[in-house]
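Here the structure is laid out as structure tokens; the discussion comes afterwards.
The values are calculated or read from the model by the stated rules, or taken from the named source; none is laboratory data. Just so it is clear, the structure is predicted and the values come from calculations on it, not from any experiment. Quick reminder, even Gly has a Cβ in these numbers, built from the backbone with ideal geometry, and neighbours come from all protein chains shown. Accessible surface areas use protein heavy atoms only, side chains included; no ligands, DNA or RNA. Shrake-Rupley method; radii C 1.70, N 1.55, O 1.52, S 1.80 Å.
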Amino acid sequence: MTKFKLMLMAAAIAVPGTIAAGSASAQVSGIAVANPEQAIANSKAWTAARAQIQSTYKTQLDQANARRNAIQAELQPLVTAYQTAARAPGASEASLRPQAQAIQTKQQAAQQELTRLTQPAQRAEAYAIEQISAKLNDAVQAAVRARNVSLLLRPEAALFAQPAADITSSITAELDKSVPSVGITPPANWQPGGQGQQGAAPAPAAQPQGR
């Protein structure tokens, strides 16, 4: 599961009571399914925001990608050497520990460096998604009313559903109406989840989709 999907899930979870997670009898009418994360991801506001973020933070993201590739090249010989040593006669956990620790230390340092490079873009993504997710509940309710839905499930909660039962695109359409665009520059004191604290549980910070 990508970090981006985790962020979308956090945003959707922050809106209570919109999509049930239980099961329902096939005899019940008015049942539909919807994927709230996908509804947000397909929205025009997110598509535009993501393009703007990739442009605004292109230098940092390009640096992160270059460093990621370089780090992988630096780590590969260490990993190969460790694997060779592990196959050698008499190899033990104690004898392999220094190599394993060296690899782990380098991985941790690399992760810190990559986090520092991508943090501005991560923050912008979280801010954009939070603005869209703030309208998710209203969008779900509007789609439910328009389709006369009495019970809305996540796709994974339904054993089977006809394609026509999926109203994800209807929710996206409602989002496009209510939040056609969002900003990508959060206020200086903004924290992920802060916008949803008044009406819902806060969404935890997350990282952007791998590029």
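Observations on the structure shown:
- Filter result for G194 (open to solvent by less than 40 Å² (accessible area, probe 1.4 Å), in contact with a helix residue (DSSP H, G or I) (Cβ under 9 Å, 6 or more places away or on another chain) and modelled with pLDDT under 95): yes
- Checked against (1) under 30 Å from T172 (Cβ atoms); (2) of a type in the set (G, A, S); (3) open to solvent by less than 60 Å² (accessible area, probe 1.4 Å), A81 meets all criteria but (1).
- Residue within the stretch 124-145 that is exposed (fewer than 14 other Cβ atoms within 10 Å of the Cβ) and farther than 30 Å from A70 by Cα present: yes
- The residues in the stretch 148-164 that are loosely packed, with under 14 Cβ neighbours inside 10 Å and over 24 Å from the mean Cα position of the chain (by Cα) can be counted, and the count is 7.
- Per this entry, P77 is not counted among residues that are outside any helix (DSSP H, G or I) and farther than 30 Å from P192 by Cβ.
- Residues of the stretch 89-114 satisfying the condition of being in contact (Cβ under 8 Å) with a residue 40 or more places away in the chain and surrounded by fewer than 14 Cβ atoms within 10 Å (Cβ to Cβ): none
- Inside the stretch 95-136, residues that are in contact with a Gly (Cβ under 8 Å, 6 or more places away or on another chain) and not aliphatic (A, V, I, L, M) make up a count of 4.
- Odd one out for E125, checked against (1) closer than 22 Å to A34 by Cβ; (2) touching a residue at least 24 places away in the same chain (Cβ under 8 Å): (1)
- Taking (1) open to solvent by 50 Å² or more (accessible area, probe 1.4 Å); (2) more than 31 Å from the chain's Cα centre (by Cα); (3) free of Cβ contacts under 8 Å to residues at least 24 places away in the same chain in turn, Q72 satisfies each apart from (2).
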